[in-house]
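Remarks on the structure that follows.
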Amino acid sequence: MRSPSQVGDGDHAVDLDPLVLELAKVLPKGYTFTAHHLSTTPTPTDPLCHPPAYNAVSSSISGDVGVKSKERRPSKPLKTYCEKHFLTISIGAGEEGETRHDKQVLVLGLEIYIYTTSFSTIIFVSKADSTGYLHLLHLPKGTPSPIREVTACFLSFLIANRRRPTKQLVVNLFARAQSQYLFPGSVKNSGKHVLDDRGLVKWWCRVLNLLLEGDKYLETKSLWDAVHGYLVIPGLDNYETRAFLPKTGEAATNWTLGHPLETISPYTRDEGTFGRNIHPRSLIPTFPDDPKARFVQELEESTSAKARLLSGWKTPKNLDQFWEMMAFRQECSSGRMTGFIWVVFEPRIAPKPDSIAATSTILSTSNASLDAQSKSTKPTTKKARRKLKGKRVLTGPIIPRKPRFKTHQHVQFPKLIETPHYYWPEKGRGQVVLNDDGYHRAVELLLHLEFGTMDQAIASTARWTKEVKMGENWALEIVGKRAITVPASTSSSSETANILSAQTMRKRRPDSHPADNTASSAPSVNTLGGSLVRKKAKLNTGEAADSPALNQDQSHRVAESEPKVNVLTTGLIRKKPKAS
């Protein structure tokens, strides 16, 4: 599907897509990239949180209000829609004599899910992976990472195009290190830099911090009343967790070492319907392949349905206990670490607090009206029922239908772009829009390819881009416009020579006493004083009487020149035993 803002130019399109314009601002100037954007239509899905029970105060049968009932009725789950986005970035891998588009290799893949309800929009980063072939661009040393810039730009693009003026928006992800997520075999590539758990949490904090600070995404930030970040790492205290935040002056005010689950939950806004104390099972969202979602599932299975409505789970009674127990899970212990990150965008116009009760009332009245209509339209007699059950007799000429080739499944677009439950403008859609089944096939195809070597990566890239759109071209060509600013420390290479001017050179002091210099050049003789000379120990008085009188210097030199003799006393001499 080609957007109306594109003009055909041979095999490739002259891209005027809004996503292309945004990505060109953050990519290095003069370098060419290729993007493939795939998305789905808003599809109904399971709710992220388990619905809580209604408040214990309810009306009795006789109509008296204020009577507490022991049996609490479960509330209806929130109607939730999911829209999936998949973005890939590729670069040219051909040699100098080849065309740029002949050989492409994928370098980055991002998978993002957008969950929408009548109360909020949640942008969940499902997967992000690279192949390690970005070094083929030969970027100057010190250039900002295009992977980090593209990730932040794509999130900002979705935030701006999925914004609803009265709805809260949340960017959520969990950082867990793994060798490969989307590109099988890419770990074999020596150019791929695989981060550990600590490095990955820091990397994601720096990426999302671009949405909080700086002037790059100031236009997106200005649309909201407040933007704030949250970080939780199970098993670490606040002092240890603070080391993962970016080292900036505004990080202390833009980040909170905690979670916003009570702030982003729609059930905490209506105390009259659900009560003041909401159980954690109704506050914790569960995403695909989420560590806390697996823990929630285990807790749900270990508790009966009636007990879950009355008192919730047995062991974690609040969110603090839940995060303490998460520290002992496999993903957060035994040397592993998982970071949970949120960025909450508060709207300028706050939603109404009684919206949940109003929605439930509208749903109940609409269901009652539908039931009344169905009852009124039911036939009363048996003859009328038989007539309705009878088959319709076809009459008239037979018009044959033309055969249709099933090249790809027809995607049924929703009739309305905006409803109380989702917002799906054309500006934020992908270059190719598929249904949920077609999207899963496209992602599964990528997960069964190989990116271990350069030849395998080029072949896998060509196969994936062709099979998704049945051979049609759906590439978005991007030429970077961001000027490359290399730091001063890296700009000066070690090969440059330091040239000193005449003012900075220090002249040698002229010799004032040449005779002294000549004398100093001769080898000097160290003469020892009388107190430094050690006399040779006398062996006996007889030898000392017969020896001539020598001065102290001569006796010292003679003593050093003669070989030393160890003389044993009579007590140390062992006599040889006589032979018998």
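The values are calculated or read from the model by the stated rules, or taken from the named source; none is laboratory data. Small disclaimer: the values here were computed from a predicted structure and weren't measured. Counting neighbours? That spans all protein chains shown, and the Cβs are built from the backbone with ideal geometry, glycine included. Please note that ligands, DNA and RNA were not included when accessible areas were found on the heavy atoms of the full protein model with its side chains. Shrake-Rupley method; radii C 1.70, N 1.55, O 1.52, S 1.80 Å.
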The lone exception for residue 341 - which of (1) open to solvent by less than 20 Å² (accessible area, probe 1.4 Å); (2) touching a residue at least 40 places away in the same chain (Cβ under 8 Å); (3) over 17 Å from residue 197 (Cα atoms); (4) not in a loop (DSSP other than H, G, I, E, B) it fails: (3)
Exclusive hit being at pLDDT 90 or above, in contact with an Asp or Glu (Cβ under 9 Å, 6 or more places away or on another chain) and among the aliphatic types (A, V, I, L, M), set 195, 158, 173, 210: 210
Members of the range 253-273 that are without any contact (Cβ under 8 Å) to a residue 24 or more places away in the chain and under 18 Å from residue 221 (Cα atoms): 253
Long-range neighbours under 9 Å by Cβ, at least six apart or interchain, first residue touching a residue at least 24 places away in the same chain (Cβ under 8 Å) and more than 15 Å from residue 168 (Cα to Cα) within the range 205-226, second in a helix (DSSP H, G or I) and open to solvent by 70 Å² or more (accessible area, probe 1.4 Å): 216/25
The range 123-147, residues that are farther than 27 Å from residue 466 by Cα, under 16 Å from the mean Cα position of the chain (by Cα) and not hydroxyl-bearing (Ser, Thr, Tyr): 123, 124
Every pair of residues 6+ apart whose Cβ atoms lie under 8 Å, when the first sits in the range 471-485 and is within 25 Å of residue 141 (Cα to Cα) while the second is open to solvent by 70 Å² or more (accessible area, probe 1.4 Å): 480/29; 481/25; 481/29; 482/25; 482/29; 483/29; 484/29
Number of the exception - residue 386 against (1) at pLDDT below 90; (2) under 29 Å from residue 88 (Cβ atoms): (2)
Test: residue in the range 139-146 that is over 26 Å from residue 288 (Cα atoms), surrounded by fewer than 17 Cβ atoms within 10 Å (Cβ to Cβ), touching a residue at least 60 places away in the same chain (Cβ under 8 Å) and of a type in the set (A, V, I, L, M, F, W, C): yes
Qualifying residue in the range 450-457 (condition: in contact with a strand residue (DSSP E or B) (Cβ under 9 Å, 6 or more places away or on another chain), part of a helix (DSSP H, G or I), crowded, with 18+ Cβ neighbours inside 10 Å and not hydroxyl-bearing (Ser, Thr, Tyr)): yes
Hey, residue 164 touching a residue at least 24 places away in the same chain (Cβ under 8 Å) and open to solvent by 30 Å² or more (accessible area, probe 1.4 Å) or not: no
Any chance residue 185 is closer than 20 Å to residue 40 by Cβ and either in contact (Cβ under 8 Å) with a residue 40 or more places away in the chain or touching a Gly at 6+ places or on another chain (Cβ under 7 Å) (or both): no
Matching residues in the range 112-159 - criterion: being of a type in the set (Phe, Trp, Tyr) and more than 17 Å from residue 90 (Cα to Cα): 113, 115, 119, 124, 157
Flag for residue 291 being under 18 Å from the mean Cα position of the chain (by Cα), at pLDDT 90 or above and surrounded by 16 or more Cβ atoms within 10 Å (Cβ to Cβ): yes
Residue tally, condition more than 16 Å from residue 255 (Cβ to Cβ) and either free of Cβ contacts under 8 Å to residues at least 40 places away in the same chain or out of contact with any Cys (no Cβ under 6 Å at 6 or more places or on another chain) (or both), over the range 227-239: 0
Helices (runs of 4 or more DSSP H) contained entirely in the range 174-270, each with at least 1 residues that are open to solvent by 60 Å² or more (accessible area, probe 1.4 Å) and charged (D, E, K, R): 197-209, 218-221, 238-241, 261-264
Enumerated strands (runs of 3 or more DSSP E) restricted to the range 1-84, each holding at least 1 residues that are open to solvent by 30 Å² or more (accessible area, probe 1.4 Å), under 29 Å from residue 286 (Cα atoms) and at pLDDT 70 or above: 43-45
